[in-house]
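These notes are about the structure you will find just below.
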Amino acid sequence: MSEIPDWLNSMAEIVGSKGFTSASDDMAPWLTDWRGRYTGKALALISPASTEEVSAIAKIANAHAIALVPQGGNSGMVGGATPDKTGQSILLSLRRMNKIRDIDAGGQLTVCDAGLILENLHEALNDHGQRFPLTLGGKGSATIGGLVSTNAGGTQVLRHGAMRSLVAGLEAVLPDGSIYNGLSPLKKDNRGYDLKQLLIGGEGTLGIVTAATLKTVPALIDRCVAWAGVASPQAAYALFKFLNAREGQSLEGFEIVPKTCLDAVLEHIPDTRPPLNDSASWNVLIEFVRDQELATDPRELVEKLLAEALEQGLIQDAAIASNESQAEAFWKIRDSISEAERASGPALQHDISVPVARMADFITTAGTQIEEAYTGTKVAAFGHMGDGNVHFHVKAPTEIKAGRDGSQWMERSSQTISRMVHDLVVAEGGSISAEHGIGQTKRDELERLSGDARILVLRAIKSAIDPKNIMNPGKLVPLASGTSAS
Ligand SMILES: Cc1cc2nc3c(=O)[nH]c(=O)nc-3n(C[C@H](O)[C@H](O)[C@H](O)COP(=O)(O)OP(=O)(O)OC[C@H]3O[C@@H](n4cnc5c(N)ncnc54)[C@H](O)[C@@H]3O)c2cc1C
């Protein structure tokens, strides 16, 4: 049995027995990403309980050039929190750091530890008449540190922006162990480069986020959720423009759902029902809200606007949720699409954005081009249309079933079909990662499709802040030629 090195013993002493394990059974659940696409190895799983402990661990890691892989809820989509297979990294879990440090309801600011789970934040703020206006399907696992580090989006970006707009301050430990205390919520601060913004979306490659000051908004008084059938993505966009021009300030959600995705949900997800009597080729889920800053009754608003939209031929039919449980049922359909799509067969998934005004045409033209180029494939594009961001799935031909065949098809096709999708996105001035990040999944594509300037800056920032490349090596930043991932 190999001896535990002194530096690892020192790390174990810092966090104590509650925060240290090197037992493979204990580590196993955290060494595979939740989608099961990557499995890595680690020397130990270390879970500090304070910023000072994180700092002490980072100092030792830096002195011995040991890789640290930060992990929150392990709900990320791009393998960013999974260590490589060398078994030489430390998996650094923030889950024990899960306290709310302060809720300032009047100032609409909340300070919390990085390991706090999003859903727990939502519940705590509700008791104070406040709301953190970011939510996503993984809210029961995703942590504030992970959300910050991936600049996560979700279904309320339309009105409130992604994490970058919602973080007022950050505390973090840098690779040399120094503590950056930037929690103070300054509205104006012109001291040059903004480390906070580098850490947001930094995917753990520049440091470990230990706490955040988050902007909150008043809790909702009520909301109205509606489901409308439309003829095409172009009609969905026309409806979006109409609603936005009329009452954009209270429009909080606008999601597009093709019939194929709705059918997959109805087939695979228990307790789901079609919202409309006659199914439409395309659907949109709309949410209007009222809080203390907005006076209009959302239900009256939706009834009036959808009646006008029907009259103008923008929609074919609509159903307005008559109560909260029906509203939840509509959202359940939207939130279950990924699960339903997975159950219906292998598919390549792309989280892409193009300028909002071009998304409708992108969905139809890129969809047709892919289906023509790769016989038997079917494109399903759904999601945050109001943000110009859809999840663009390319489903395998029906004869390819889940399992070994499906995995092999996905492996092969990521080199061809995914490249074509990404090329089409770039040609539209879009992004190959709208909200999930780069991680290990898209690092090579980022390099292939980025201009020299972007890659130069990414590498320069990385090597300036983390010269020993100990922070989450192999993720996000394309390797300089001639170097290896760890
Ligand atoms: C069902 C479902 C639906 C989802 N829907 C959406 C969606 O609509 N929009 C969206 O944006 N995402 C979505 N996600 C993805 C996921 O929830 C987000 O990426 C989330 O931000 C990850 O948080 P986490 O705590 O699980 O991070 P992890 O998965 O643990 O880590 C993600 C990345 O952040 C780094 N990291 C984690 N914590 C820290 C830290 N404290 N300091 C530094 N780096 C850190 C990791 O190293 C890794 O690179 C969804 C996930 C699921 C399961």
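The values are calculated or read from the model by the stated rules, or taken from the named source; none is laboratory data. Please read these numbers as outputs of a predicted model, since none were measured by experiment. Quick reminder, even Gly has a Cβ in these numbers, built from the backbone with ideal geometry, and neighbours come from all protein chains shown. Quick note on the areas: whole protein, heavy atoms, side chains included, nothing else; ligands and nucleic acids left out. Shrake-Rupley method; radii C 1.70, N 1.55, O 1.52, S 1.80 Å.
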Among (1) within 21 Å of Leu239 (Cα to Cα); (2) surrounded by 14 or more Cβ atoms within 10 Å (Cβ to Cβ); (3) in contact (Cβ under 8 Å) with a residue 24 or more places away in the chain - the single one Leu310 does not satisfy:
(3)
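Matching residues to (1) assigned to a loop (DSSP other than H, G, I, E, B); (2) within 30 Å of Ile400 (Cα to Cα); (3) small (Gly, Ala, Ser):
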| residue | (1), (2), (3) |
| --- | --- |
| Thr296 | yes, no, no |
| Val302 | no, no, no |
| Ala309 | no, no, yes |
| Ala319 | no, no, yes |
| Ser325 | no, no, yes |
| Phe330 | no, no, no |
| Ser338 | no, yes, yes |
Looking for something surrounded by 21 or more Cβ atoms within 10 Å (Cβ to Cβ) and within 30 Å of Ala245 (Cβ to Cβ) - is there at least one such residue anywhere in region 392-410?
yes
Here is a check on your reading of the model: is Lys468 of a type in the set (Lys, Arg) and surrounded by 20 or more Cβ atoms within 10 Å (Cβ to Cβ)?
no
Kindly indicate which of Gly367, Gly383 is surrounded by 22 or more Cβ atoms within 10 Å (Cβ to Cβ) and closer than 25 Å to Phe240 by Cα.
Gly383
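Given the structure, is Ala81 open to solvent by 10 Å² or more (accessible area, probe 1.4 Å), hydrophobic (A, V, I, L, M, F, W, C) and in a loop (DSSP other than H, G, I, E, B)? Let's see the steps before the verdict.
Working: open to solvent by 10 Å² or more (accessible area, probe 1.4 Å): yes; hydrophobic (A, V, I, L, M, F, W, C): yes; in a loop (DSSP other than H, G, I, E, B): yes.
Yes, satisfied.
Wholly within region 109-227, which strands (runs of 3 or more DSSP E) include no fewer than the required count, namely at least 1 residues that are open to solvent by less than 30 Å² (accessible area, probe 1.4 Å) and within 11 Å of the ligand (Cβ to nearest atom)? Break it down into steps so the answer makes sense when it comes.
Working: elements: 109-113, 167-173, 179-182, 208-215.
So the answer is 109-113, 167-173, 208-215.
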Could you say whether any residue in region 358-369 is under 26 Å from the mean Cα position of the chain (by Cα), part of a loop (DSSP other than H, G, I, E, B) and either closer than 30 Å to Glu411 by Cβ or away from the ligand (no atom under 16 Å from the Cβ) (or both)?
no
Residue check for Arg334: basic (Lys, Arg) and away from the ligand (no atom under 16 Å from the Cβ):
no
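Take Ser75 and decide whether it is surrounded by 19 or more Cβ atoms within 10 Å (Cβ to Cβ) and either part of a loop (DSSP other than H, G, I, E, B) or within 11 Å of the ligand (Cβ to nearest atom) (or both). Can you show your working first?
Working: surrounded by 19 or more Cβ atoms within 10 Å (Cβ to Cβ): yes; either part of a loop (DSSP other than H, G, I, E, B) or within 11 Å of the ligand (Cβ to nearest atom) (or both): yes.
So Ser75 fits the description; yes.
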Restricting attention to region 52-72, and to residues there that are within 26 Å of the chain's Cα centre (by Cα) and open to solvent by 10 Å² or more (accessible area, probe 1.4 Å), which single residue is farthest from Glu3 (Cα to Cα)?
Gly72
